[in-house]
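Okay, so here's the structure we're looking at.
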Amino acid sequence: MGQKVNPYGFRLGITTDWKSRWFEERHYRDFVVEDWKIRDYLMRQLEAAAVSRIEVERTRDRLRVDIHTARPGIVIGRRGAEADRLKKHLEELTGLHNRIQLNIQEIKQPELDAALIAQGICDQLVRRVAFRRAMKRAIQTVQKAGAQGIKVQCSGRLGGSEMSRKEQYREGRVPLHTLRADIDYGFREARTTSGRVGVKVWIYKGDILPYKVSIEDKITREAAMAVGETSGQSGPRRLITAGGGRRRAETFESDESTAPNGAAPEEELEEETEETVADLLQEPTEPDDLERQLTQDEEMERQSREHHEAPHFRKESD
């Protein structure tokens, strides 16, 4: 029996941080349910915004919600209307009026985010794209971005078959048992006409050193929590062998209507070209070697399936 462990929980407190940062003894159960409601509402409202993860942080009387997305312009909306609407509904959901801080953080490299890659594969499966083509296209996209390894697995009624099965592909190194390895894990479900298909993606970006947060950062965060301020994320992690380059995150607060240079943040975002993972996984206009290989594989699979079909016997009439 294989003992599967979630890569995120396996490295929690070592190389990964908590997605919910708060401490409560009396109302612990209520806060857990409230965090789930916040994430469920935002994920349902922002299905087209390429949201990777949602982090929740609480202090004595304030709540901070960080939305990591590849398309911040959709989350913010024109003149911040969408962000204000989400913030107002969160205040009604939690009962904290004027005490919620909604931050939208842009993902600079969506092609290196496992959750967004899995979502891109799910979108293609819903559009009836061949699952092998979608998986291999995702692998090629992640490798071009500079990842050191990737593993993709699809489970369910693949291709509309009657019996469900698992198919997986791996390229490069994916050391799941190495604690210092920076492995991004993402899981999404594709709601196809024949049933749900689960998609799991593991991306290996390199090793992280040091293993633990430095003492100075820990003291700073504890001091911020003591005075009632949100500590936010810790300092940037140091990648020693990652090929994806340095990762940065820009924060857009819904309370501020203008950017530091005087321009509205949504106007600046509209000027920039935004590419989602679904766009990155689209088929190119000119067929390359991978496309030709995928076409040949699909043709061979179709011919072999037709060749091995059970013959239909007809009853001879007298």
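The values are calculated or read from the model by the stated rules, or taken from the named source; none is laboratory data. Computed from a predicted structure; not experimentally measured. Every residue, glycine among them, receives a Cβ derived from its backbone with ideal geometry; neighbour counts consider all protein chains shown. With ligands, DNA and RNA removed, areas are computed over all heavy atoms of the protein, side chains included. Shrake-Rupley method; radii C 1.70, N 1.55, O 1.52, S 1.80 Å.
Tabulated data for the structure shown
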| read-out | value |
| --- | --- |
| So GLY156, is it at pLDDT 75 or above and open to solvent by less than 90 Å² (accessible area, probe 1.4 Å) | yes |
| GLN143 vs. criteria crowded, with 22+ Cβ neighbours inside 10 Å, part of a helix (DSSP H, G or I) and in contact with a Gly (Cβ under 9 Å, 6 or more places away or on another chain) | no |
| THR16 being more than 30 Å from THR178 (Cα to Cα), modelled with pLDDT under 90 and of a type in the set (Ser, Thr, Tyr) | no |
| Single residue of ARG44, ARG39, ARG58 found to be within 20 Å of ALA115 (Cβ to Cβ) and surrounded by 15 or more Cβ atoms within 10 Å (Cβ to Cβ) | ARG39 |
| Among the candidates GLY95, GLY73, residue that is touching a residue at least 24 places away in the same chain (Cβ under 8 Å) and either more than 26 Å from GLN140 (Cβ to Cβ) or among the aromatic types (Phe, Trp, Tyr) (or both) | GLY73 |
| Residues satisfying the stated conditions in the range 177-195, i.e. loosely packed, with under 15 Cβ neighbours inside 10 Å and either over 18 Å from ALA50 (Cα atoms) or in contact with a Leu (Cβ under 6 Å, 6 or more places away or on another chain) (or both) | HIS177, THR178, LEU179, THR193, SER194, GLY195 |
| Among residues of the range 141-163, those that are out of contact with any helix residue (DSSP H, G or I) (no Cβ under 8 Å at 6 or more places or on another chain), among the hydrophobic types (A, V, I, L, M, F, W, C) and under 12 Å from LYS205 (Cβ atoms), counted | 0 |
| Contacts under 8 angstrom Cβ, first residue in the range 25-45 being more than 21 Å from GLU189 (Cα to Cα), partner of a type in the set (Phe, Trp, Tyr) and surrounded by 12 or more Cβ atoms within 10 Å (Cβ to Cβ), 6 or more apart | PHE31/TRP22 |
| From ASP123, ASP182, residue being charged (D, E, K, R) and under 24 Å from GLN293 (Cβ atoms) | ASP123 |
| Identity of the residue in the range 61-78, surrounded by fewer than 19 Cβ atoms within 10 Å (Cβ to Cβ) and out of contact with any helix residue (DSSP H, G or I) (no Cβ under 8 Å at 6 or more places or on another chain), that ends up farthest from LYS19 (Cα to Cα) | ASP61 |
| Unmet criterion (only one of (1) farther than 27 Å from GLY13 by Cβ; (2) buried (at least 18 other Cβ atoms within 10 Å of the Cβ); (3) out of contact with any Lys or Arg (no Cβ under 8 Å at 6 or more places or on another chain)) for ARG165 | (2) |
| Complete set of residues in the range 79-134 that are of a type in the set (S, T, N, Q), open to solvent by 20 Å² or more (accessible area, probe 1.4 Å) and touching a strand residue (DSSP E or B) at 6+ places or on another chain (Cβ under 7 Å) | THR94, GLN101, GLN119 |
